[in-house]
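**Student:** Structure provided below as structure tokens; questions to follow.
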Amino acid sequence: MHPPTTSPLARLRALAPKRGLDLRTALGIAERQASLLLRLSGVTDGPVSLDVLSNLHRIELGSADLPTSGLSYWTGTTWRLEANRTEPEVRRRFTLAHEFKHVIDHPSRDLLYDNHWTRERVADQFAACLLMPKTLMVRAWCSGEQDIDRLAELFVVSAEAMTRRLLALGLITERRARPVFCTRGSSNHLRPRRSVAIAGGIPVGGTS
């Protein structure tokens, strides 16, 4: 139980133990943090609005001409998250979610992670889980929506980010849709309808 005065950011930070994390554990915690934020924000359908971030106390979102995809910093009164204004909306959304994970980790980042690559990988995991929640992804997939480009459009993410998320959830393999039984009503009967080609390997997510 958490007292009502505990801020959402404090609750998200409390999910991480005060020790170094191996990658698998860190990725799992990032998913739990994204799920908690969605639950606290009352998200039940997609696409996930970035209001889940901007509505938080002392969090500001913005865009600017940047040499990287994004950055985050403390202004003295608020955490400012910025995405590169020259990049597409789907990338800016992913970047801002990525940068928020850095805000979550900030007090303990040197304890939690032993290298920059791990911090970035875990921030990408958080962004993917926030913008493409497992429950909503499986719901869409099991309703018969199994085209990568269409799913990317529905969740307002890039096709590359969607491909990686589908792979992570086990809904597709390297070359095709994976036979997955879905529950509809009382019977498990819906299988993927066709093969799915994997999108290209363009990097996704923000960088700090």
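The values are calculated or read from the model by the stated rules, or taken from the named source; none is laboratory data. Values in this document were obtained by computation on a predicted structure and should not be read as measured data. What goes into the accessible areas is simple: the full protein's heavy atoms, side chains included, and nothing from ligands, DNA or RNA. Shrake-Rupley method; radii C 1.70, N 1.55, O 1.52, S 1.80 Å.
**Student:** Can you give me the accessible area per residue for segment 1-123, using a 1.4 Å probe, in Å²? Don't skip to the end; give the middle numbers.
**Tutor:** Values: 6630 Å² over 123 residues.
About 54 Å² of surface per residue is accessible.
**Student:** Beyond 22 Å, what share of the Cα-Cα pairs of segment 1-124 remains, rounded to the nearest whole percent? Show your work: numbers first, answer last.
**Tutor:** Working: 2703 of 7626 pairs.
That fraction is 35 percent.
**Student:** Per residue of segment 128-139, what does 6.51 cos²θ - 1.76 cosθ + 1.60 with θ = phi - 60° give for ³J(HN,Hα)? Whole Hz please, x for Gly and Pro, Karplus curve as stated.
**Tutor:** 5, 5, 6, 7, 10, x, 3, 4, 6, 5, 5, 4
**Student:** Tell me which residues come under 5 Å, amide H to amide H, from Ser63 once H is placed; ignore anything under 5 positions away on its chain.
**Tutor:** Distant-sequence amide H within range of Ser63: Ala83.
**Student:** Another question, if that's okay. Return the long-range amide H neighbours of Cys182 (sequence gap of 5 or more, or a different chain), with a cut-off of under 5 Å between placed amide H atoms.
**Tutor:** His189, Leu190
**Student:** To continue, here is another question. Give the carbon-plus-sulfur fraction of the accessible surface of segment 1-115 in %, rounded to a whole number; probe 1.4 Å, heavy atoms of protein chains only. Don't jump to the answer; show the numbers that get you there.
**Tutor:** Numbers: 3110 of 6200 Å².
Its accessible area is 50 percent carbon and sulfur atoms.
**Student:** Follow-up. Counting only residues 5 or more places away or on other chains, whose amide H sits under 5 Å from the amide H of Trp79 once H atoms are built in the peptide plane?
**Tutor:** Hits under the 5 Å cutoff: Ile59, Glu60.
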